[in-house]
Amino acid sequence: MLRLKRAPQLRLALAAGFLLLLGLYYASSEFLPDLPEWGDVLWVGLALSALAFAPVMLVLPLRRARPLALVALGFAAIAVVLYLIGADLYASLPKLAAAALLGFIFLRYCERLSWVVILALLIPVADTLSVWYGPTHYVVTEQPQIFDVSSVAFPVPGERAITLRWNAPVGASISGWLMYRRTDGGRELLLAPNPLCPPADHCGKKIVFSDRAKPAGKQLSYRVVTVSGGRESGKAIIVFPPVGEGASQITGMTGKLAPSHLRVSSAPSAPAGLGLPDVLFFALFLGAAVRFGLRYRATWLALVASLGLTTALAIYIDPFNIGGLPALPGLSLAFLLTNADLIWRRLNGGENIDIDVQSRPVPPAGR
């Protein structure tokens, strides 16, 4: 049994409060004002990062608790359940907690500061190569759903992701679908110039189409067109009002092969995401700063600032042309530069040891 004193209990309560506040933001981000691009960068890169990693700072004294692995497993199980019930966005909260706890657990096997320094020097190289021309590049560009599962989502205020669902006409030979979108006062935009699914797949009976990162305060109109035999054989139009202003309405349905049971829903848009390995190493570097007597408060600030800088570079530069950048190089540099003088002193002055272990009382012989 893990016995907590009053101070750790208060820290746990505060950490839970920050996670709850983050969850409330997830639930209400659609209703917030739509910020300009630079505002989104500052909000997601700095404000949300600080809010998300404040619990990691608060639970640092509990990083050596024995049931940590069980707690991490419990958070992972909660994330799986949330995915199964369709609450994908909210699964980010237990994923964040589980990855941070795994970082604390992994730190237990780093007995010397030099081992952490080696990790901080080597991992950014591997992460950059992976994003540039490796597994991460393939996942982000070809299998984005895998990245969604293996990352923590950061919703953007004032934006929403629209999902349309409809059924194919029973017994009909459908070769594909076309999708159009119209905004308030705007011209019609073609979203799918090619069939939504190839003829060989026969499209199936239930079709799902996602339209991400749209302003939550604007009315959107969607036209779904059925393609059969190379011709448009039916269509349906559905209007989705601004968030909080009523339900969607089907304003037109024509043709024998018009899509049936057309419906639309929205959820907070989360185009920004932080990989779970990034969360793990954030916790590992922060825990190492405490374990080896470094500047842990300054380290936390530097790590959060590095996430903000990485977010800005990903938006305004995007050197890999995938809409993202590896976060580990910035995290590693933040850890090393913030503690450079102390690390040098520890490594060259014979203090390359686990201060936590040395500070523990040594039990009398025979016990």
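The values are calculated or read from the model by the stated rules, or taken from the named source; none is laboratory data. This one's a predicted model, so the numbers in the text were calculated from it and none came from an experiment. Because the Cβ atoms are built from the backbone with ideal geometry, glycine has one as well, and the counts that use them run over all protein chains shown.
Couple of notes before you dig in:
- Extreme residue, farthest from Ala267 (Cα to Cα), among residues of region 26-40 that are part of a helix (DSSP H, G or I) and either among the small types (Gly, Ala, Ser) or in contact with a strand residue (DSSP E or B) (Cβ under 9 Å, 6 or more places away or on another chain) (or both): Gly39
Residues checked against (1) more than 23 Å from Ser151 (Cβ to Cβ); (2) surrounded by 18 or more Cβ atoms within 10 Å (Cβ to Cβ):
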site	(1), (2)
Glu30	no, yes
Val56	no, yes
Arg64	yes, no
Leu68	no, yes
Val81	no, no
Asp88	no, no
Lys95	no, yes
Cys110	yes, yes
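- Scanning region 32-62 for residues that are in contact with a Pro (Cβ under 7 Å, 6 or more places away or on another chain) and at pLDDT below 90 yields Leu32, Pro33, Asp34, Leu35, Pro61, Leu62.
- Selection from region 331-344 of residues that are in contact (Cβ under 8 Å) with a residue 40 or more places away in the chain, part of a helix (DSSP H, G or I) and of a type outside the set (A, V, I, L, M, F, W, C): Ser332, Thr338
- Restricting region 237-290 to residues that are farther than 21 Å from Tyr180 by Cα and of a type in the set (Val, Ile, Thr) leaves a set whose member that is surrounded by the most Cβ atoms within 10 Å (Cβ to Cβ) is Val279.
- Hey, Asp127 modelled with pLDDT under 80, touching a Leu at 6+ places or on another chain (Cβ under 9 Å) and among the acidic types (Asp, Glu) or not: yes
- Only one of the listed residues (Ala65, Ala72) is modelled with pLDDT under 95, assigned by TED's automatic domain parsing to the domain that holds Ile315 and touching a helix residue (DSSP H, G or I) at 6+ places or on another chain (Cβ under 7 Å). That residue is Ala72.
- Qualifying residue in region 264-280 (condition: hydrophobic (A, V, I, L, M, F, W, C), modelled with pLDDT under 80 and outside any strand (DSSP E or B)): yes
- Condition broken by Ala65, with the remaining ones in (1) touching a Leu at 6+ places or on another chain (Cβ under 6 Å); (2) assigned to a helix (DSSP H, G or I); (3) under 19 Å from Leu102 (Cβ atoms) satisfied: (2)
- Meets criteria (buried (at least 18 other Cβ atoms within 10 Å of the Cβ) and within 20 Å of Leu274 (Cβ to Cβ)) for Gly23: no
- Residue match in region 284-305 (condition: closer than 21 Å to Pro36 by Cα and in the same structural domain as Ile123 (by TED's automatic domain parsing)): yes
- Qualifying residue in region 39-62 (condition: over 22 Å from Leu284 (Cα atoms) and either touching a Lys or Arg at 6+ places or on another chain (Cβ under 8 Å) or not assigned by TED's automatic domain parsing to the domain that holds Ala314 (or both)): no
- Condition met for Ser260 (in contact with a Pro (Cβ under 8 Å, 6 or more places away or on another chain), farther than 27 Å from Ser29 by Cβ and of a type in the set (S, T, N, Q)): yes
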